[in-house]
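Participant: Have a look at this one before I ask anything.
Every number in this text was worked out from the coordinates using simple rules, so none of it is lab data. Everything numeric here is computed off the predicted structure, so don't read it as measured data. Don't worry about glycine lacking a Cβ; one is built from the backbone with ideal geometry, like all the others, and counts go over all protein chains shown.
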Amino acid sequence: MKKNIKCPVCEESASRFEKKIIDHMVSKEVFDIRSCAGCGLWRTDPRPALEKIGNYYESPNYLSHSEESQTFFKKLYNGFRSYNAIKKLKTLEDHVSEKSNIRRLLDVGCGIGVFLEHAKFRKWSVFGIETNKKARKIAEKRLKSTIFENIDDLKVEEKFDAISLWHVLEHLSDPDQAMKKFHNHSTKKAILVIGVPNRESYDAKLYDEHWAAYDVPIHFWHFTKKDIKNLAEKTGWKVDAVLPMRLDAFYVSLLSELYKYGRKNWIKSFLLGLISNYKGGQTNTSSLMYVLKKV
């Protein structure tokens, strides 16, 4: 286990205990969430070493790396994933400054390539990064293009008009270093679009330690709007817009019900998703999308 982790925002190692969270998805182990003594960013600490973390993704319920649809839940998830990809792409396109015919998009943590497939249909030149070998192969077959294993595989001169991370930043061991690399690989007027869980949302407070989006230990960081702003400023970006990701509230509530009560309650989860979205307004929903521009 890696302990006394340095904060990617303020580089402080000292921390305060916040709560204990169970890994419901795979191991049933208990992990501590601690807050940075310097800036308050929450982190999973201690956490598994990087060479061990892959074991915690080995679950049939980890759906972003799968295209299988045997169960009703998986079929529903895949349907919403495709719909969500279209909505996210529309939002991304609304914020791109350069409206040229040649637009280059890099999706980091692209999974099986659903988002990039829709972008390719919209005439984007698409590129992806995916560390999971199985998902990477599916994406390459789907897109008929090479998907890189990590950002260091990109050529130094590679530049992109838009870079997206959909529920990826919280998985990165060094998000500050990653964002600096994205800065180096982006054009002058590029945007960086980040979607992450919001631990200040209504459903996060309602479910507390059972909130599914804590997702320890594979979520290393648990962000607020202030955290993303601070991280952006440190790495040469600025937050241009904060937008709701409303579908996440329903999925997270469904899993949180399962974790808290031992079964999925579809009706209650749907109602709580509606309530969370209503109370969250435009900038405090279960997950948030941040549009960043270069300083």
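Participant: Mind jotting down the three principal axis lengths of the range 120-259 based on Cα atoms? Whole angstrom, largest first.
Facilitator: Reported extents, whole Å, longest axis first: 46, 36, 29.
Participant: Still on this model: Quick one: if the Förster radius is 30 Å, what FRET efficiency do residue 22 and residue 133 give, using the C-beta to C-beta distance and rounding to 0.05?
Facilitator: The computed FRET efficiency comes out at 0.60.
Participant: Per the chain: cysteines with no other Cys C-beta under 4.7 angstrom?
Facilitator: 110
Participant: Tell me the relative contact order for the range 122-196 as a rounded percent, counting alpha carbon contacts under 8 Å between residues six or more apart.
Facilitator: 30 percent
Participant: Test of understanding: what is the full-extension gain from residue 6 to residue 208, defined as 0.36 nm times their sequence separation minus their Cα-Cα distance?
Facilitator: 70.2 nm
Participant: Rounded to the nearest 5, what is the percent of antiparallel bridges among the DSSP beta bridges in the chain?
Facilitator: If we restrict to bridges inside the chain, about 60 percent are antiparallel.
Participant: Turning to a different aspect of this structure: For a quick size check, give me the Cα extents of the range 49-294 along its three principal axes, largest first, whole Å.
Facilitator: Principal extents (Cα only, largest first): 51, 37, 37 Å.
Participant: Extending each Cα 7 Å along its Cβ direction at residue 86 and residue 274, get the distance between those two points in nm, one decimal.
Facilitator: 2.3 nm
Participant: So what is the 222 nm mean residue ellipticity for the chain from helices alone, if each DSSP H run of at least 4 adds -39500 (n - 2.57) and you divide by all residues, rounding to the nearest 500 deg cm²/dmol?
Facilitator: -10500 deg cm²/dmol
Participant: Would you mind computing, in nm to one decimal, how far apart the modelled labels at residue 13 and residue 188 are, each placed 7 Å from Cα along Cα→Cβ?
Facilitator: Rounded to a tenth, the inter-label distance reads 4.3 nm.
Participant: Calculated FRET efficiency, residue 29 and residue 122, Cβ-Cβ r, R0 35 Å, to nearest 0.05?
Facilitator: 0.25
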